[in-house]
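See below for the structure under consideration.
The values are calculated or read from the model by the stated rules, or taken from the named source; none is laboratory data. These numbers come from a predicted model, not from an experiment. For neighbour counting, all protein chains shown are included, and Cβ atoms are generated from backbone atoms with ideal geometry for every residue, glycine included. We work out accessible area using only protein heavy atoms, side chains counted, and drop any ligands, DNA or RNA first. Shrake-Rupley method; radii C 1.70, N 1.55, O 1.52, S 1.80 Å.
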Amino acid sequence: MGEAGDGRTALHAISAQSPDVALIGSTLDGLSGEQVLNAVDRDGLRTRVVMLAARPEPHQVYAALAGGAAGYLTKDADARELCDAITAVARGCTVVAPELQAGVADEIRLRTPRERPLMTARERETLALIAEGLSAPAIARALHLSPATVKTHLHHIYEKLGVSERAAAV
């Protein structure tokens, strides 16, 4: 066990003692908690870091977890919560204070790109004609395309919509 009053001392102690878990405050003198976390990750130290802050914003918690933190708690956590979190993190779990979880989930939703690819203009046009009830050969004539090209567009539409048939696409 060790204790440090500032970020540089904390990083030195982590490097020298290699604890399984380090509880790091977000606001430290010298190096911030985030800088200590980044250094632990950069240096390939095996210590798992649990961040601790008074009132962290969701983007701060997200950034810390994305940066390698194994947990994030508030300074309101009591001794039992701290001990339970340290034990869980030492076993390989990730711990986020319950009062921070909704904010982190919202941050993930904000930052996650939409995975469904957009359809091209031609695919949208093809889909509209499918909805009107036209067959692939009729769509080919209407759009001045070969039936094989229309079938390719249909295949791409089905893939992008995650369906396997015309009715589901419409």
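Can you give the charge dipole size of the chain about its Cα centre, rounded to the nearest 20 debye, using +1 on the beta carbon of Lys and Arg and -1 on the beta carbon of Asp and Glu? Could the numbers behind the result be given before it?
On the way: 18 positive and 21 negative charges, 188 e Å.
Magnitude of the dipole: close to 900 debye.
Cβ under 13 Å from LYS75's Cβ, LYS75 left aside: what net charge do those residues give with Lys, Arg +1 and Asp, Glu -1? Please report the intermediate quantities before stating the final value.
Working: positive: ARG55; negative: ASP76, ASP78, GLU81, GLU99.
Here the charged neighbours net out to -3.
Seen against the Cα atoms of the chain and their longest principal axis, helix 98-111 is set at about 40 degrees. Per-residue ellipticity at 222 nm, computed for the chain from helices alone with -39500 (n - 2.57) per DSSP H run of at least four residues, works out to -16500 deg cm²/dmol. For the chain, the relative contact order is 14 percent, taking Cα pairs closer than 8 Å that sit 6 or more residues apart in sequence and dividing their mean separation by the residue count. Rounded to the nearest 10 degrees, the angle from helix 121-131 to the longest Cα principal axis of the chain is 60 degrees. Between ALA131, ALA97, ALA16, the GNM of the chain built on Cα springs shorter than 10 angstrom shows ALA131 fluctuating the most. Here the peptides 101-110, 52-61, 30-39 are ranked by packing, the mean other Cβ count within 10 Å, and the order with the highest first is 30-39, 52-61, 101-110.
A crude spin-label estimate for the pair ALA88 and ALA138, with each label 7 Å from Cα along the Cβ direction, gives 5.9 nm. Taking 0.36 nm per residue of separation and subtracting the Cα-Cα distance, full extension of the segment from HIS155 to VAL170 would add 4.1 nm.
Compared with the dominant principal axis of the Cα atoms in the chain, helix 147-161 is inclined by about 30°. Heavy-atom accessible area with a 1.4 Å probe sorts ASP29, ASP6, ASP78, largest first, into ASP29, ASP78, ASP6.
Using volume of the Cα convex hull per residue in Å³ as the read-out, say which of (1) 112; (2) 130; (3) 170 was calculated from these coordinates. Among (1) 112; (2) 130; (3) 170, the one derived from this structure is (3).
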